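See structure below.
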Amino acid sequence: MTLTIVDEARAITGGVDTHAGSHMAAALDRIGGLLGVQEFPATPDGYARLLAWLRGFGAVSLVGIEGTGSYGAGLSRYITSAGIRVAGVDRSDRQDRRRAGKTRPPRCGQRRPGGPVRAGIGAPRGRDGVVEAIRALMVAKRTARAQRTQTINQARALILTGPDDVRARFTSHVPAGLVAELAALRPRPGSMVRYHTLLSLRELGRRAQFLDAQLERLDELSVPLVTARAPGLLRLHGVGPDTAAVLLIAAGDHPGRLRSEAAWAHLCASAPIPASSGKVTRHRLNRGGDR
């Protein structure tokens, strides 16, 4: 990819407020003056029309996009592939949004008093590399693990409230042994409650086995990607493939996101922020990260 070289004196900046179905774009001059506002569909054709509309005002030096990790991910990729720098834009303050009500102008062209549009948080996460592939796999892996835990908990609750012989047979089993034995059950008709309890336990055991197999397949896909992308992380004590994957996803495909210990602390939600009042001077943890 080749970055476009523009004349800074004549360059314009774009700002985009993204939504699920459409994006609201604003064009601004080099001092933050609003040149125009236009809405475009959130489709590949809409991305092309949006960029062409911005270029109609002059050479585009920067496009600030809100939600580069969600609704704006596709547009961010498109603008970056066109050789234009993209900046992730912070959401406006919640109190400001509430005070302004529902009839205020779109956020894509907001200005600070005495200055241009806020440039946001810097380069967005990469959404087309190895890390994005790992992130996609981890979404399925995280939900499969949560569902497996839920399934085993449901089985244990059913055992606890079931007939006495069922409770005595399965109460002391560890998860792996419990799943294997439940999946192998062959209930015979008899007492209605006992029979249907065992049927339900068998289905829960087979569901847990299915999820176990799914987790193994996802490991076979994700572990080689993590190993190739960050072999140094895996050599650290206590860091396995899942932990390394989480760290890679947090950093994204942009190595400058974790540029200092302070940035790392903000990511981990362990950065102190001032919370003083009156004569009391203190700090509290910033909960805005990912603990």
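Looking only at residues that are out of contact with any strand residue (DSSP E or B) (no Cβ under 7 Å at 6 or more places or on another chain) and at pLDDT below 90 in segment 9-19, which one is most open to solvent (accessible area, probe 1.4 Å)?
So the first thing to find is which residues in segment 9-19 are out of contact with any strand residue (DSSP E or B) (no Cβ under 7 Å at 6 or more places or on another chain), and the list is 9-10, 19.
Now restrict to residues that are at pLDDT below 90: 9-10.
Values: Ala9: 69, Arg10: 181 Å².
By that ranking, first place goes to Arg10.
Scanning segment 172-212 for residues that are exposed (fewer than 12 other Cβ atoms within 10 Å of the Cβ), at pLDDT below 90 and not aliphatic (A, V, I, L, M) yields a count of 5.
Which residues, taken from segment 235-261, are open to solvent by 60 Å² or more (accessible area, probe 1.4 Å), of a type outside the set (Asp, Glu) and either at pLDDT 80 or above or not in a helix (DSSP H, G or I) (or both)?
Here is the first cut: in segment 235-261, the residues open to solvent by 60 Å² or more (accessible area, probe 1.4 Å) are 235-238, 243, 246, 254-255, 257-259, 261.
Subset that is of a type outside the set (Asp, Glu): 235-238, 243, 246, 254-255, 257-259.
Residues satisfying the conditions are Arg235, Leu236, His237, Gly238, Thr243, Val246, His254, Arg259.
Applying the set (1) touching a residue at least 40 places away in the same chain (Cβ under 8 Å); (2) of a type outside the set (Asp, Glu); (3) over 30 Å from Thr161 (Cα atoms) to Pro274 leaves exactly one unmet item: (1).
Please enumerate the residues belonging to segment 30-46 that are open to solvent by less than 60 Å² (accessible area, probe 1.4 Å) and assigned to a helix (DSSP H, G or I). Within segment 30-46, Gly46 is the sole residue that qualifies.
Out of all the residues in segment 47-72, which are touching a residue at least 40 places away in the same chain (Cβ under 8 Å) and crowded, with 18+ Cβ neighbours inside 10 Å?
Those that are touching a residue at least 40 places away in the same chain (Cβ under 8 Å) and crowded, with 18+ Cβ neighbours inside 10 Å: Leu54, Val60, Ser61, Leu62, Val63, Gly64, Ile65, Glu66, Gly67, Thr68, Tyr71, Gly72.
So which of Ala230, Ala208, Ala250, Ala244 is farther than 30 Å from Arg156 by Cα and in contact (Cβ under 8 Å) with a residue 40 or more places away in the chain?
None of the others qualify; the one that does is Ala250.
Of all residue pairs spaced 6 or more apart or on separate chains, those with beta-carbon atoms under 6 Å, a first member in segment 214-226 that is surrounded by 15 or more Cβ atoms within 10 Å (Cβ to Cβ) and a second member that is part of a helix (DSSP H, G or I) and among the charged types (D, E, K, R) are Leu218/Lys141. Take the residues in segment 135-171 that are β-branched (Val, Ile, Thr) and open to solvent by less than 30 Å² (accessible area, probe 1.4 Å), then tell me which one is farthest from Gln209 (Cα to Cα). Filtering segment 135-171 for residues that are β-branched (Val, Ile, Thr) and open to solvent by less than 30 Å² (accessible area, probe 1.4 Å), the one farthest from Gln209 (Cα to Cα) comes out as Val166.
The values are calculated or read from the model by the stated rules, or taken from the named source; none is laboratory data. Predicted model only: the values in this text are computed from it and were never measured. Here the Cβ is made from the backbone with ideal geometry for all residues, glycine too, and neighbour counts use every protein chain on show. Heads up: the accessible areas ignore ligands, DNA and RNA and are worked out on the full protein's heavy atoms, side chains in. Shrake-Rupley method; radii C 1.70, N 1.55, O 1.52, S 1.80 Å.
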